[in-house]
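All remarks here apply to the structure that follows.
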Amino acid sequence: MSAIAAPSGIAGTASVLRRLYFVRFVFAIVWALVMFTMADEITPVAAVLLVLYPLFDVGAAVVDARSSRTTGPPVLLYVNMAVSLGAAVGVAIACASGIPAVLGVWGAWAIVSGLVQLIVAVPRRRWGGQWPMILSGAISALAGASFLASAGADDPALTAAIGYAVPGGIFFLVSALRLGRKAEG
């Protein structure tokens with residue numbers, strides 16, 4: 001049995017984040033494509049997908065927190081884990097009440113997790129690849145407010161959640177590509 005030392009410091013964290021961001025990009029795009037086929041109503045499969053999205057965010061925050069310990073305490077990532085886990089439970093409950101309830105929970109989650117993402121990314125600017133995360137966090141918070149508003153619309157639709165996933169995935173892709181230089185060095 002051999003042990004492989006994990007990379008340390010900013011370069012090691014950047015390498016882990018780069019891989020994580022690529023995975024998050026793929027997940028977001030695949031999720032959006034599948035979800036698009038069922039955006040008109042909350043079917044059992046749609047409910048599972050709606051709960052899966054914030055749960056995936058929990059898993060990503062766990063990976064991020066583990067890799068970031070060498071660069072500082074990941075307190076805000078723990079906050080993000082708790083918020084996303086709460087969102088998954090909230091979405092699961094809201095699915096029984098309909099699309100407006102789901103959009104309300106999704107909106108609150110997008111606001112809080114977007115602000116956390118923004119606050120986490122700002123000090124990471126020196127690593128490179130964080131401007132897309134800063135923009136994504138700010139846009140997430142604004143999108144959350146939009147979801148809350150659309151929850152009260154006459155004919156709310158889950159397409160708003162799909163529209164949230166695609167740009168988020170693209171921001172992760174851009175950030176992963178920009179982190180490449182730090183990950184190699």
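Restricting the calculation to Cα atoms, the chain yields a radius of gyration followed by a Dmax of 16.7, 61 Å. Summed over qualifying helices (DSSP H, 4 residues or more, each -39500 (n - 2.57)) and divided by its residue number, the chain shows a 222 nm mean residue ellipticity of -27000 deg cm²/dmol.
Rounded to the nearest 10 degrees, the inclination of helix 131-151 to the longest alpha-carbon principal axis of the chain is 10 degrees. Solvent-accessible surface (1.4 Å probe) assigned to V51 amounts to roughly 30 Å². For the stretch 16-61, what class follows from the C-alpha gyration tensor (a ≥ b ≥ c being the square roots of its eigenvalues): rounded when a/c is under 1.5, otherwise prolate if a/b is larger than b/c, else oblate? Judged from the Cα gyration tensor, the stretch 16-61 comes out oblate (a/c at least 1.5, b/c at or above a/b).
In the frame of its principal axes, the stretch 73-113 has Cα extents of 39, 16, 5 Å, reported largest first.
Ordered from largest to smallest accessible area (heavy atoms of protein chains, 1.4 Å probe), the residues V89, V112 come out as V89, V112.
The values are calculated or read from the model by the stated rules, or taken from the named source; none is laboratory data. It should be emphasised that the depicted structure is a prediction, and the values quoted were computed from it without experimental measurement. The accessibility values were calculated without ligands, DNA or RNA, using every heavy atom of the protein model including side chains. Shrake-Rupley method; radii C 1.70, N 1.55, O 1.52, S 1.80 Å.
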